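Below is one structure, written out as structure tokens; comments come after it.
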Amino acid sequence: MVISICTEKGGSGKTTIAINVAVKLGLLEEDTLLIDADPQRSVEVFTDIRARENIELTFNTVAKFGSSLAKEILSLKTKYDAIIIDTGGRDSEEMRQALAVSDIVIIPIVPSDLDIAVLNKMINLFNQAKAFNPTSKALITISKASPNPFLNKKIEDLRTYINDKNLEDLKLCESIIYEREAYRNAFSQGKGVLEYCKENENAYKDFNNFFDELVQYTNSN
Ligand SMILES: Nc1ncnc2c1ncn2[C@@H]1O[C@H](COP(=O)(O)OP(=O)(O)O)[C@@H](O)[C@H]1O
Ligand SMILES: [Mg+2]
């Protein structure tokens, strides 16, 4: 299973989602590889903190850039239960390569910073990649949503906008990844939110709901 997190928009939570998905898969004892395909190398910052804190790295990581990324992923695919690819915040070679080999593409969007042009471009890039990768699916995920009720209307409008497009193999996630301090605090301790938070905390519940939906969508026909 290859899962990539892709959007041109920087700061939308790609690395946070990639790390937290990898941590969750590690907790489930799935053999996981997290590929850092962003030259800014934020995954490395995380794994450095984790090593310094003496927390076991429950998944493998590797940094890979350039035009051979897709080929390398295809050759690594049989060696892991899951490969997660964190891409950079622009229309990069790495992002296109990741789109070409992913089973699931997570496209995070931040409602307070909603950029319909970027969202439409991502939908187009996903559809273009389907010519080479016809079985891939995309999950548009609301990320860093302010828990402020003010934003509910924006989120509902976005749901309507995406549903009206009637997109094939592209779904808007029901669950929402809210903006929670716990994500930043967890990162600064080298942990995922599921390691940092207690089960009754909001960030824990949000992320688990998102992960369950991701698994369900991955396994659906
Ligand atoms: N759900 C969230 N709640 C709070 N802060 C978040 C959340 N997701 C990401 N962040 C913070 O927002 C910033 C950008 O997130 P990051 O995952 O690095 O985005 P990207 O990889 O898309 O550039 C980071 O400081 C990160 O800690
Ligand atoms: Mg990033």
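The values are calculated or read from the model by the stated rules, or taken from the named source; none is laboratory data. Just so it is clear, the model here is predicted, and its values are computed rather than measured. When we count neighbours, we look across all protein chains shown, and the Cβ atoms used for this are built from the backbone with ideal geometry, even at glycine.
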Is it true that GLY88 is crowded, with 20+ Cβ neighbours inside 10 Å, at pLDDT below 95, within 16 Å of ligand 2 (Cβ to nearest atom) and under 16 Å from the mean Cα position of the chain (by Cα)?
yes
Please name all residue pairs, on different chains or six or more residues apart, with Cβ atoms under 8 Å, provided the first residue is in segment 181-202 and is basic (Lys, Arg) and the second residue is within 16 Å of ligand 2 (Cβ to nearest atom).
LYS191/VAL23
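Provide a single number: the residues in segment 83-110 that are of a type in the set (Gly, Ala, Ser) and farther than 13 Å from ILE73 by Cβ. Don't jump to the end; show me each part of the working.
The first filter runs over segment 83-110 and keeps only residues of a type in the set (Gly, Ala, Ser), leaving 88-89, 92, 98, 100, 102.
Now drop any that are not farther than 13 Å from ILE73 by Cβ, which leaves 88-89, 92.
So the answer is 3.
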PHE207 fails exactly one of the following numbered conditions: (1) more than 16 Å from ligand 1 (Cβ to nearest atom); (2) under 29 Å from LEU76 (Cβ atoms). What is the number of that condition?
(1)
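Conditions (1) modelled with pLDDT of 95 or more; (2) within 16 Å of ligand 1 (Cβ to nearest atom), marked per residue:
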| residue | (1), (2) |
| --- | --- |
| ILE17 | yes, yes |
| VAL23 | yes, yes |
| LEU27 | yes, no |
| ASP31 | yes, no |
| ARG41 | no, yes |
| ILE49 | yes, yes |
| PHE59 | yes, no |
Filtering segment 203-217 down to residues that are under 19 Å from LYS137 (Cβ atoms) and touching a residue at least 60 places away in the same chain (Cβ under 8 Å) yields PHE210, PHE211, GLU213, LEU214, TYR217
Test: VAL105 is buried (at least 18 other Cβ atoms within 10 Å of the Cβ), modelled with pLDDT of 95 or more and of a type in the set (A, V, I, L, M, F, W, C)
yes
Does segment 38-51 contain any residue that is in contact with a helix residue (DSSP H, G or I) (Cβ under 9 Å, 6 or more places away or on another chain), away from ligand 2 (no atom under 16 Å from the Cβ) and in contact (Cβ under 8 Å) with a residue 40 or more places away in the chain?
no
Might you check whether a residue that is within 15 Å of the chain's Cα centre (by Cα), away from ligand 2 (no atom under 11 Å from the Cβ) and assigned to a helix (DSSP H, G or I) occurs anywhere in segment 5-21?
yes
Among the listed residues LEU125, LEU69, identify the single one that is more than 14 Å from ligand 1 (Cβ to nearest atom) and under 24 Å from THR32 (Cα atoms).
LEU69
Scan of segment 26-83 for residues that are in contact with an Asp or Glu (Cβ under 8 Å, 6 or more places away or on another chain), of a type in the set (Val, Ile, Thr) and crowded, with 19+ Cβ neighbours inside 10 Å, ordered by number:
THR32, ILE35, VAL43, THR61
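Residue by residue, here is whether (1) in contact (Cβ under 8 Å) with a residue 60 or more places away in the chain; (2) of a type outside the set (D, E, K, R) holds:
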{"position": "LEU69", "(1), (2)": "no, yes"}
{"position": "GLU72", "(1), (2)": "no, no"}
{"position": "TYR80", "(1), (2)": "no, yes"}
{"position": "ASP86", "(1), (2)": "yes, no"}
{"position": "GLU94", "(1), (2)": "no, no"}
{"position": "ALA98", "(1), (2)": "yes, yes"}
{"position": "VAL101", "(1), (2)": "yes, yes"}
